[in-house]
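Heads up: the structure comes next, in structure tokens.
The values are calculated or read from the model by the stated rules, or taken from the named source; none is laboratory data. Since we're looking at a predicted model, the values are computed, not measured. Cβ sites come from the backbone with ideal geometry, for glycine too, and all protein chains shown count toward neighbours.
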Amino acid sequence: MTEAKRSVPNRPLDLRELDEPFFAHILKRLDELIGREAISYLHPSKRWEYPWALERARLSPGSSILDAGCGASIFPVYLAELGHQVTGVDLSVPARLGNLHGVHIDYVNAGLTNLPFADESFDAVFCISVIEHLGYGGIPQALAELRRVTQPGGRLMITTDYFKDANAEIWYEGEGEPFRVDWNFFDEEHLRHYLLQAPGLTLEGELDLQVDWNTVQPQMRRFHGYPYTSVGITLIRT
Ligand SMILES: C[S@@+](CC[C@H](N)C(=O)[O-])C[C@H]1O[C@@H](n2cnc3c(N)ncnc32)[C@H](O)[C@@H]1O
């Protein structure tokens, strides 16, 4: 990557943005929050994804928000601190996380392909690093559900791991023995197929998927050196 991509709203991660005031301000607070507890953590990609998503969401005060596939993320806590009405949904939710931080979050145990919420319940939906875990087959139904529960005109901020070639053999290198990764990947072709053609959801603004795979940041090398990064896409519910 040779130049910052900040002017293009939908784009791969650029960790250099973390030093910009908007990102740095949010990250300072997120670091303070996770310093209080041992549940949440901030993977390098999340340090970019949360501020990117928040900037893209352009939330009105007191918005009704769904964090879809929230896990034990600190992001819903931060959103609740800002005064929004926050719901977190996941197959397994950290029900006490809001209390721990003195904020109210409605945590709901459910899968994204069958959400227990009324139509048009939320002004905005965040889905951060989740769709790669749904299996390709689950993505259309999950997107249909996320669309259903979003207000017309509402935004859906999606981030996912982004690879040079989704058909490559990819091994995970973390703690313990390396293993061949079995979750689904997105390269440009898969991203366009699964996200940009979803019925009733339209890309907001321009999209730049160019990545210099030779200079992807070292922090992002957890797949035996296989080049990957993260990408953020904003869809509008039509
Ligand atoms: C990589 S974690 C990301 C969690 C969180 N969004 C964050 O930023 O830290 C992926 C999450 O997706 C959730 N997930 C996977 N499949 C799901 C499904 N079908 N329905 C709901 N949540 C799912 C997992 O339980 C996990 O918490």
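Out of everything in segment 9-26 that is of a type in the set (D, E, K, R) and part of a loop (DSSP other than H, G, I, E, B), what residue ends up being farthest from the chain's Cα centre (by Cα)?
20
Looking at the structure I just gave you, is residue 180 surrounded by 20 or more Cβ atoms within 10 Å (Cβ to Cβ), of a type in the set (Lys, Arg) and more than 15 Å from the ligand (Cβ to nearest atom)?
no
For segment 37-65: of the residues being surrounded by 13 or more Cβ atoms within 10 Å (Cβ to Cβ) and among the charged types (D, E, K, R), which is farthest from residue 212 (Cα to Cα)?
37
Pull up segment 89-108, narrow it to residues that are within 9 Å of the ligand (Cβ to nearest atom) and not aliphatic (A, V, I, L, M), then point me to the one that is surrounded by the fewest Cβ atoms within 10 Å (Cβ to Cβ).
Result: 92.
Exactly one condition in (1) surrounded by 11 or more Cβ atoms within 10 Å (Cβ to Cβ); (2) on the phi < 0 side of the Ramachandran plot; (3) not basic (Lys, Arg) is false for residue 200; which is it?
Of the numbered conditions (1) surrounded by 11 or more Cβ atoms within 10 Å (Cβ to Cβ); (2) on the phi < 0 side of the Ramachandran plot; (3) not basic (Lys, Arg), the odd one out for residue 200 is (2).
Among the residues of segment 135-159, write down those that are within 13 Å of the ligand (Cβ to nearest atom) and in contact with an Asp or Glu (Cβ under 6 Å, 6 or more places away or on another chain).
Correct list: 159 only.
Among 47, 29, which is the only one that is part of a helix (DSSP H, G or I), within 16 Å of the ligand (Cβ to nearest atom) and more than 17 Å from residue 233 (Cα to Cα)?
Among 47, 29, only 29 is part of a helix (DSSP H, G or I), within 16 Å of the ligand (Cβ to nearest atom) and more than 17 Å from residue 233 (Cα to Cα).
Scan segment 123-134 and give yes if some residue there is among the charged types (D, E, K, R) and either within 16 Å of the ligand (Cβ to nearest atom) or without any contact (Cβ under 8 Å) to a residue 12 or more places away in the chain (or both), otherwise no.
Looking for residues that are among the charged types (D, E, K, R) and either within 16 Å of the ligand (Cβ to nearest atom) or without any contact (Cβ under 8 Å) to a residue 12 or more places away in the chain (or both), one finds at least one in segment 123-134, hence yes.
Within segment 153-172, identify whether any single residue is under 19 Å from the mean Cα position of the chain (by Cα), farther than 24 Å from residue 52 by Cβ and not β-branched (Val, Ile, Thr), and answer yes or no.
Within segment 153-172, not a single residue is under 19 Å from the mean Cα position of the chain (by Cα), farther than 24 Å from residue 52 by Cβ and not β-branched (Val, Ile, Thr).
If you check residue 120 against the conditions, is it among the acidic types (Asp, Glu) and either under 24 Å from residue 14 (Cα atoms) or at pLDDT below 95 (or both)?
no
Consider residue 154 carefully, then state whether it is without any contact (Cβ under 8 Å) to a residue 60 or more places away in the chain and either closer than 28 Å to residue 214 by Cα or surrounded by 14 or more Cβ atoms within 10 Å (Cβ to Cβ) (or both).
Criteria not met by residue 154.
Given the residues 65, 74, which is the only one that is near the ligand (Cβ under 10 Å from one of its atoms), modelled with pLDDT of 95 or more and under 14 Å from the mean Cα position of the chain (by Cα)?
74
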